[in-house]
Amino acid sequence: MAGLLSLANGASFKGDWNGNPGAVQGEIVFFTGMTGYEEVLTDPSYKGQIIVFSYPLIGQYGVKANHLQSEKIQAAGIVVAELYDGPVEKGAITLGRFLKNAQVPVLSGVDTRSVIQSLRDFGTMQSHIGPSLSGIVHWSAVQTDFFSDADNHADIVTFGEGSIHIGLIDFHYKSSILAELLKRQCKVSVIPYTLSTERLDLLQLDGLLFSNGPGDPAALSPYFPVYRDWAERYPAFGICLGHQVLASAFGAKTTKLRFGHRGANHPVINLKTLRVAMSSQNHSYVVEDTSIKETPFSILYRNVNDGSIEGLFHPELPIMTVQFHPEAAPGPADHLELFSQFLSTVQQKKKVKMHA
């Protein structure tokens, strides 16, 4: 069936529609990695978005359950140049079947190079994919707030039995972040972002990891004073949205990039060591440079391509943040050491408390 991608700026691109008769809308973004589509589709940071994959052939190795980053596909739909439909690895299912089972549409046969060029020129925007004859598009606003009152009723769930107890503040975390903590023999309690300080303190945690998540960090602004209090009393590590939230909690401002950073090939430089390493990224918002002077933080990492802030550290408190994803999934493992560094800091702080 013929399909159509329509952008809010009036541009449109033809393709082949694979999905239910109903069309879908979502902010359109592009991912530059050559592999990792199964991780990307299930990454909660892509919640509600339509993803354009820059690599021309998608689906060639199928989908395996152990690579998924959450329990379901988070994207609203995908756009590809070619959807592979041949044999896949043992134990995998085809990407087409995976999408169909979840009722997530795919528009294939699209000139994705032209789509991505349009997004680089005009920025990410609201988009619509569906059958060519799906009718007039009634545009809705791009969703930026993915946090609701229903989250107040979420339970604390604990994994592992290690000697170090980490609280994973759940802004819609990736499973690979939890996996990296468990690999390092941590006990991990997944904590609703709405939890009261009184309940948090009863857990007797040794450190806090503020997770990734979708949308605008300003959606969590009512909780910023609470998060600052937590970070001033517990060793803290922020990843992606967690980085933005911690920076904002201490007085920084955030702004939306023109088309964001999404891919497994973004170089960042550590300003202390001057070491450049590749990183996996997925974000629309960044911490504003000029606002850092209003906070106690210093800049630790910068993006080599555009100079934007990629990480912060507190000179006096055990707080570190990174805009990129050290757990990768997908992407390079260049920054896995940051989990060990965080836990080493937690362990040192714990020893000091024990001997106090």
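Take every pair of alpha-carbon atoms less than 8 Å apart whose residues are at least six positions apart; their mean separation over the length of segment 1-147 yields a relative contact order of 34 percent.
Our summary gives the chain a relative contact order of 15 percent, counting only alpha carbon pairs under 8 angstrom and 6 or more residues apart. What separates the Cα centres of segment 39-115 and segment 159-178 is a distance of 26 Å.
Our helix-only sum for the chain, with -39,500 (n - 2.57) per DSSP H run of n ≥ 4 divided by its residues, gives a mean residue ellipticity at 222 nm of -6000 deg cm²/dmol. When the chain is treated as a Gaussian network with alpha carbon springs shorter than 10 Å, the biggest mean-square fluctuation among P131, P21, P332 belongs to P21. Taking the protein heavy atoms of segment 144-226 in the context of the full set of protein chains, the accessible area attributed to carbon and sulfur is 50 percent at 1.4 Å.
Of all DSSP beta bridges located in the chain, what percent are antiparallel, nearest 5?
Antiparallel bridges: around 60 percent, rounded to the nearest 5.
Ranked highest first by average number of other Cβ atoms within 10 Å, how do 100-109, 71-80 line up?
Values: 100-109: 18.9, 71-80: 21.7.
Ranked by mean Cβ neighbours within 10 Å, highest first: 71-80, 100-109.
Taking the protein heavy atoms of segment 35-94 in the context of the full set of protein chains, the accessible area attributed to carbon and sulfur is 52 percent at 1.4 Å.
Work out, step by step, the length gained on full extension between K64 and K253: first 0.36 nm times the residue separation, then minus their alpha carbon distance; give nm to one decimal. Let's see the in-between values first.
Values: separation 189, 0.36 × 189 = 68.04 nm, distance 3.89 nm.
Answer, rounded to one decimal: 64.1 nm.
Within segment 289-324, which GluC sites (Glu not before Pro) sit in a loop by DSSP and count at most 16 neighbouring Cβ atoms inside 10 Å? Sites meeting the loop and neighbour criteria: E316.
The angle separating the long axis of helix 112-122 from the principal Cα axis of greatest extent in the chain is about 60 degrees. Applying 0.36 nm per residue to the separation of T32 and T144 and subtracting their alpha-carbon distance, the gain on full extension is 38.1 nm.
Can you give me the accessible area per residue for the chain, using a 1.4 Å probe, in Å²?
Heavy-atom accessible area per residue stands at 43 Å².
Taking a straight Cα-Cα cut-off under 23 Å and skipping sequence neighbours fewer than 8 places away in the same chain, the lysines within cross-link reach of K100 are K14, K47, K64, K72, K90, K174.
The values are calculated or read from the model by the stated rules, or taken from the named source; none is laboratory data. In this text the structure is predicted, and so the values were computed from the model without any measurement. Cβ atoms come from the backbone with ideal geometry, glycine included; neighbour counts cover every protein chain shown. Please note that ligands, DNA and RNA were not included when accessible areas were found on the heavy atoms of the full protein model with its side chains. Shrake-Rupley method; radii C 1.70, N 1.55, O 1.52, S 1.80 Å.
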